[in-house]
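For reference, the structure discussed in these notes is given below.
Each reported figure results from applying straightforward, stated rules to the coordinates on display, with no laboratory input. Keep in mind the model is a prediction, meaning the values are calculated, not measured. Here the Cβ positions follow ideal geometry from the backbone for every residue, glycine too, while neighbour counts run over all protein chains shown.
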Amino acid sequence: MPPTPLQLFASAMETAIHKLPYFKTINPSFYTARGTASFRVGLRRSSSSLSVSASDREGDHDLGHRTRPDFPILHQEVNGSKLVYLDNAATSQKPTAVLKALQNYYESYNSNVHRGIHFLSAKATDEYELARKKVAAFINASDAREIVFTKNATEAINLVAYSWGLLNLKPEDEVILTIAEHHSNIVPWQLVAQKTGAVLKYVTLNENGAPDIGNLKQMISRKTKIVAVHHVSNTLASVLPIEEIAHWAHDVGAKVLLDACQSVPHMVVNVQSLDVDFLVASSHKMCGPTGIGFLYGKSDLLSAMPPFLGGGEMISDVYLDHSTYAEPPSRFEAGTPAIGEAIGLGAAIDYLSGIGMQKIHDYELELANYLHESLRAVPNIHIYGPVPSGNINRAALCSFNVDNIHPTDIATFLDQQYGVAIRSGHHCAQPLHRSLGVSSSARASLHFYNVKEDVDDFIRALNDTVSFFNSYK
Ligand SMILES: Cc1ncc(COP(=O)(O)O)c(C=O)c1O
């Protein structure tokens, strides 16, 4: 019997995918836990499903070993060593399922959305809107129309600052931020404060090295119009009690914007139980493509907000002297959106949900403690943020400095000599670094596909690096 069109398509996809891995690969069975079956390299599998079957996922301690095969990029050498990727807070890696979703879009139904009536356009529109529904379900928004696709989280914060902020902020109104915010959650508010006369107030750190919640509570008053804070700090690894903060803010009629860039990829985030008014996140940190992020906004707020950018399908009617605007979310999606990327984000959400965010979080807590404990033993090290304990949880990342060694020297040496990828610099948190009395730090950040062996490799390499630099003193 001649092959069906579907079989032909599947075989074409398989051939195309076999051509993809041009980098030097390492047998991923290297990473598999002792006593478990070995896995094949993600890209070589013809199915887009997870390597982890539902029953496999019961053993959460092995989540890293089980999911690594889904990430082809991890199985390569860098500078002659096995890659140890510990820069996940900057961006995460992408599983095969996401790569395939992107490839499938461009190969089989690439078209513009919300414009054409032809088959490809209808299919692209359906998939784009399905991705919106997946985002809504992922964060438990009650309606997909509360999700606006943006370029990234930064654009989403700018959208709120310019649209909601310019409309609602008046001179002397207060915007509450913490000193630990990413620049993306500081600069837009500075720009809007300069235009409106609003005042920015910053919560400082407490004696544990985390944002001082007592200080934040005291700062909230009738003058407060919005509290714009991170959920998980990208530098301190601390977690803010958002439900409580939202409660305090709403008591005085203020809104809450949650920068969930470092929480949505790692834990269950439920906008209804947190009761935040806005939430932003970036796809590339949650195993999805770059070039897309999203804003969640409560429908009554989005409906009352003016457009941020103009043009494209964000209109209802255009006249020579004025225009009327579409309902949200279209009102805020001017021009051709990142269609393939939105679909890729949808595939990333399917992938993460297939594992389960609670399982990811539980496993990452183990990694977080292991990383902190292992790093603490390195001589002359200073780790920023709270020390994990019974009631203090940290995210699986550590920013640190070692006495008399520049963090960029550490990161460069780790990369070139050991293939260990960490970040060095201010992590887009200059005010925080200034308050810590340093200009920069090194940062190792993990995701669920990391394993304790990655931490061991990193610590071994770091100890050697420290000895190397100290030998020149
Ligand atoms: C806490 C936090 N907020 C905002 C951002 C900005 O994200 P993006 O550059 O994807 O817009 C980041 C990225 O590092 C972040 O960690």
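Summary of computed values
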quantity	calculated
Loop-located chymotrypsin sites (Phe, Trp or Tyr not before Pro) in the stretch 311-361 whose Cβ has at most 13 other Cβ within 10 Å (DSSP)	319
Hull shadow area, averaged, the stretch 380-424 [alpha-carbon convex hull, nm²]	3.8 nm²
Per-selection Rg to Rh, the stretch 100-353 - Cα, Kirkwood hydrodynamic radius	0.99
Nearest-20 debye value, the chain charge dipole, Cβ charges on Lys, Arg, Asp, Glu	600 debye
Long pairs among 100/452; 133/170; 133/298; 133/452; 285/359, criterion Cα-Cα beyond 26 Å	100/452; 133/170; 133/452
Residue 137-residue 452 pseudo-label distance in nm [points 7 Å out on the Cα-to-Cβ vector]	3.5 nm
Helical segments meeting 30 Å axial Cα length and Kyte-Doolittle 1.6 threshold in the chain (DSSP H)	none
Ellipsoid semi-axes in whole angstrom, largest first, where each is sqrt(5λ) of the Cα gyration tensor of the chain	35, 33, 18
The chain, relative contact order in percent, only Cα pairs under 8 angstrom and at least six apart counted	19 percent
The chain - mean residue ellipticity at 222 nm from DSSP helices (-39,500 (n - 2.57) per run, n ≥ 4, rounded to 500)	-11000 deg cm²/dmol
Positive-end residue of 167, 121, 253, charge dipole of the chain with Cβ unit charges	121
Added length on full extension, which subtracts the Cα-Cα distance from 0.36 nm per residue, residue 119 to residue 468	119.4 nm
Long-range HN-HN contacts of residue 178 with modeled amide H, under 5 Å	203, 230
Rg/Rh (Cα only; Kirkwood hydrodynamic radius) as it applies to the stretch 267-357	1.04
Residue exposure sequence - 242, 392 - by fewest surrounding Cβ within 10 Å	392, 242
